[in-house]
Amino acid sequence: MSTPEAQRPDRPQQPGAEPDRDHGLDPAARAGHLDHPPRVGFFTDTSVCIGCKACEVACKEWNAVPEDGLLLTGMSYDNTAGLSASTWRHVAFIEQSAVVPRPAGDTWADPAGDDSDGDLRWLMSSDVCKHCTEAACLDVCPTGALMRTEFGTVVVQDDICNGCGYCVSACPFGVIGRRETDGGAHKCTLCYDRLGDGLEPACAKACPTDSIQFGPLDELREVAQQRVTEVQDAGRPEARLYGADPADGIGGAGAFFLLLDRPEVYGLPPDPVVTTRDLPRMWRHAGIAAAGLAAAAVAACRGGRT
Amino acid sequence: MPAGGRRGGEKGDKQVVPQAELTSYYGLPVVKETVWGPDIPSYLFLGGLAGASSVLAAGAQLSGYLELARAAKTGAAGAISLSMAALVHDLGRPARFVNMLRVFKVTSPMSVGSWVLSGYAPLTLAAAASAITGKLPRAGVAATLAAGLLGPVVASYTAVLLGDTAAPGWHEAHRELPYLFTGSAATAAGGLGLVAVPSRAAGPAARLAVLGVAAELTAERLIDRRIGPAAEAYRTGRAGALLRAGQLLGVTGAAGAGAALLGRPSRTAAVLAGAALLTGSAVTRFGVFEAGRASARDPKYTVGPQRERLREASSPPAGAPGSSVT
């Protein structure tokens with residue numbers, strides 16, 4: 001169990017994080033939520049995902065997310081295609097046709113000894129908003145509609161968003177979208193309404209295999225470390241955690257994953273970096289360019305005189 | 001497409017499946033393409049035209065080119081009015097445009113821009129109104145000078161607006177875009193001056209246009225050389241065609257502006273040069289906008305450089321941070 005919140009200092013330091021870097025810091029505290037509950041998130045263990053899409057359905061139902069187009073994509077069992085304004089959980093299906101070495105005692109093996117399916121590996125993964133520690137969508141939102149909750153999650157306030165669409169271009173994961181019907185930006189809220197009542201998010205609640213685990217982020221990170229070692233030891237050395245490291249380009253994700261292949265295979269960026277990290281340099285160059293324009297105008301106006 | 005770094009070498013990255021060309025999820029984009037429509041590149045052009053025109057108006061006012069100053073003030077007021085209309089029109093919920101002024105955030109170039117515009121636009125309108133009606137001349141000059149100070153900011157912040165996104169073509173060019181955009185703004189303002197004022201009174205406009213085109217060409221060259229794979233998005237497709245057209249129009253217009261400075265060209269020739277400069281500036285903005293869109297659409301621009309970054313980070317010293325990102 002993690003330290004009770006009441007005993008924590010205002011700016012708690014996570015083990016392993018350098019004290020004076022922002023990465024490990026508690027985003028809720030940085031956003032001004034003093035005396036807040038522990039930061040929560042998702043650990044999505046794709047090694048036990050069975051592709052049932054109960055998470056997609058539960059999310060749609062609980063949050064009354066509208067229909068987002070019915071299409072036949074031709075992408076395995078995935079006709080959802082990706083996260084968007086009206087899809088907040090998305091189950092990816094990847095068929096890998098090649099000989100997959102099976103670990104000893106693999107329970108997938110046909111008891112009759114028929115190994116004819118041995119050349120197919122099916123990866124399934126339920127994607128969701130990462131609720132980044134350093135969230136680009138939140139940084140660039142000009143209205144303050146995107147906010148950091150007391151749980152450390154990132155939520156759009158629908159009554160404030162004016163549909164400028166900046167967050168859509170800023171997200172390094174392509175999560176948030178603008179809905180055609182109402183013009184506003186929408187994404188996963190980590191079931192903010194349920195959290196307030198002590199309930200877990202609808203997707204985690206509905207997941208029959210516990211592929212989607214919900215809880216305090218500190219605890220989830222420990223669970224995930226154990227799990228990835230377990231899966232590797234069981235003969236899947238390719239298992240890896242994605243988004244669990246507070247030193248990565250987004251300060252660590254609030255929703256992170258155990259993957260069985262490279263992130264890009266699942267449609268995830270291999271090394272996302274929040275765009276606002278470069279913002280000071282951008283403003284500096286813009287300042288120099290602005291001064292250059294002023295200087296050019298002065299030169300142009302004096303040019304003919306001498 | 002980018003197959004670099006496929007031969008493994010990363011910890012825990014044993015080849016389970018012989019690597020196919022699959023470096024993305026069914027070729028789908030990783031980041032989302034912008035939802036902004038043609039209103040936004042139009043605004044990039046018009047905002048630049050307004051900002052640089054205000055600088056030119058202030059300079060012309062102070063150095064006695066009063067006819068040029070009046071034209072530039074009028075142009076700035078007209079361009080910024082159209083700009084604001086385009087910006088509101090592009091919102092998903094236009095009725096809520098005032099929410100832009102609900103907070104001020106330096107981390108949001110759009111927030112900064114909204115505040116700058118809300119100070120700048122009234123100044124340009126006041127400056128133009130005074131110049132046209134001849135009323136309140138002192139206040140008019142004060143507004144002209146104040147708008148002239150804010151003008152460069154209006155012309156340059158839009159580069160940060162695009163750079164501060166996850167679209168590889170925009171983000172990777174965040175160092176160069178400010179110079180391209182202020183150059184393009186100067187080109188447009190110079191072009192407007194050449195169209196509006198007879199050549200003998202348009203010297204500053206012609207000189208500004210030549211400097212603007214030079215800055216644009218330099219910045220585009222730097223983008224091509226320095227930003228890595230995303231530069232391809234500036235060279236190819238619609239973006240490439242638009243940018244090449246913009247260069248051609250800019251160089252043609254600059255040549256006309258040069259002729260206007262050296263000789264006494266016909267009024268028609270000067271107007272055509274000015275029109276080429278204005279069109280070139282607009283076409284360039286649409287080209288940059290398209291390059292960003294194209295770079296977001298194709299996952300190779302997102303995945304390739306990130307994969308390369310990981311490879312570089314993991315290869316040199318043994319025992320480098322055993323990051324678990326991959």
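Structure notes:
- Tally of residues being in a helix (DSSP H, G or I), farther than 28 Å from A:D139 by Cβ and among the aliphatic types (A, V, I, L, M) across region A:27-56: 2
- Region B:269-316, subset among the polar types (S, T, N, Q) and surrounded by 21 or more Cβ atoms within 10 Å (Cβ to Cβ), residue nearest to A:G82 (Cα to Cα): B:T302
- Condition check for A:D210: farther than 30 Å from A:C164 by Cβ and at the interface with chain B (Cβ under 10 Å from one of its Cβ atoms): no
- Odd one out for B:P198, checked against (1) surrounded by 17 or more Cβ atoms within 10 Å (Cβ to Cβ); (2) more than 20 Å from B:A291 (Cα to Cα): (1)
- Evaluation of B:G48 against the conditions (1) farther than 15 Å from B:A159 by Cβ; (2) at pLDDT 50 or above; (3) more than 8 Å from chain A (Cβ to nearest Cβ) shows that the sole unmet condition is (1).
- Residues in region B:96-133 that are assigned to a helix (DSSP H, G or I), within 11 Å of another protein chain (Cβ to nearest Cβ) and without any contact (Cβ under 8 Å) to a residue 24 or more places away in the chain: B:R96, B:F97, B:V98, B:N99, B:M100, B:L101, B:S111, B:S114, B:W115.
- Annotation for region B:202-223: no member residue is outside any helix (DSSP H, G or I) and not small (G, A, S).
- Positions within region A:207-219 being surrounded by 22 or more Cβ atoms within 10 Å (Cβ to Cβ) and of a type outside the set (F, W, Y), in sequence order: A:C207, A:S211, A:I212, A:L217
- Residue in region A:274-285 that is more than 7 Å from chain B (Cβ to nearest Cβ) and not in a helix (DSSP H, G or I) present: yes
This table checks each residue for (1) touching a helix residue (DSSP H, G or I) at 6+ places or on another chain (Cβ under 9 Å); (2) modelled with pLDDT of 95 or more.
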position: A:V99; (1), (2): no, no
position: A:G118; (1), (2): no, no
position: A:L138; (1), (2): yes, yes
position: A:R148; (1), (2): yes, yes
position: A:V154; (1), (2): yes, yes
position: A:D158; (1), (2): no, yes
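- Qualifying residue in region B:143-150 (condition: touching a helix residue (DSSP H, G or I) at 6+ places or on another chain (Cβ under 8 Å), polar (S, T, N, Q) and within 14 Å of chain A (Cβ to nearest Cβ)): yes
- Cβ-Cβ contacts under 8 Å between residues 6 or more apart (or on different chains), taken from a first residue in region A:288-301 that is within 7 Å of chain B (Cβ to nearest Cβ) to a second residue that is of a type in the set (G, A, S) and surrounded by fewer than 21 Cβ atoms within 10 Å (Cβ to Cβ), are listed as A:C301/B:S63.
- Taking the listed residues A:A239, A:A204, the one that is in contact (Cβ under 8 Å) with a residue 60 or more places away in the chain, crowded, with 21+ Cβ neighbours inside 10 Å and away from chain B (no Cβ under 11 Å) is A:A204, with no other qualifying.
- Checking each residue of region A:217-232 against the condition of being in a loop (DSSP other than H, G, I, E, B) and either over 21 Å from B:S24 (Cα atoms) or away from chain B (no Cβ under 12 Å) (or both) gives no match.
- Residues located in region A:251-269, provided they are touching a residue at least 12 places away in the same chain (Cβ under 8 Å), in a loop (DSSP other than H, G, I, E, B) and either surrounded by fewer than 24 Cβ atoms within 10 Å (Cβ to Cβ) or at the interface with chain B (Cβ under 9 Å from one of its Cβ atoms) (or both): A:G251, A:L260, A:D261, A:G267, A:L268, A:P269
- Residue identified as at the interface with another protein chain (Cβ under 8 Å from one of its Cβ atoms) and in contact with a Lys or Arg (Cβ under 7 Å, 6 or more places away or on another chain) among A:A185, A:A170: A:A185
- Unmet criterion (only one of (1) more than 9 Å from every other protein chain (Cβ to nearest Cβ); (2) at pLDDT below 95) for B:A86: (2)
- Residues of region B:201-219 that are more than 9 Å from every other protein chain (Cβ to nearest Cβ) and in contact (Cβ under 8 Å) with a residue 60 or more places away in the chain: B:A201, B:A202, B:V213, B:E216.
- Subset of region A:164-212 (residues that are in a strand (DSSP E or B) and over 17 Å from the mean Cα position of the chain (by Cα)): A:R178
- Exactly one residue out of B:E33, B:E67 is surrounded by fewer than 22 Cβ atoms within 10 Å (Cβ to Cβ), in contact (Cβ under 8 Å) with a residue 60 or more places away in the chain and part of a loop (DSSP other than H, G, I, E, B), and it is B:E33.
- Residue list for region B:13-41, filter: closer than 19 Å to B:G163 by Cβ and either more than 7 Å from chain A (Cβ to nearest Cβ) or at pLDDT below 95 (or both): B:E33, B:I40, B:P41
The values are calculated or read from the model by the stated rules, or taken from the named source; none is laboratory data. Quick caveat: nothing in here was measured; it's all calculated off a predicted structure. Backbone-built Cβ (ideal geometry, glycine too); neighbour counts: all protein chains shown.
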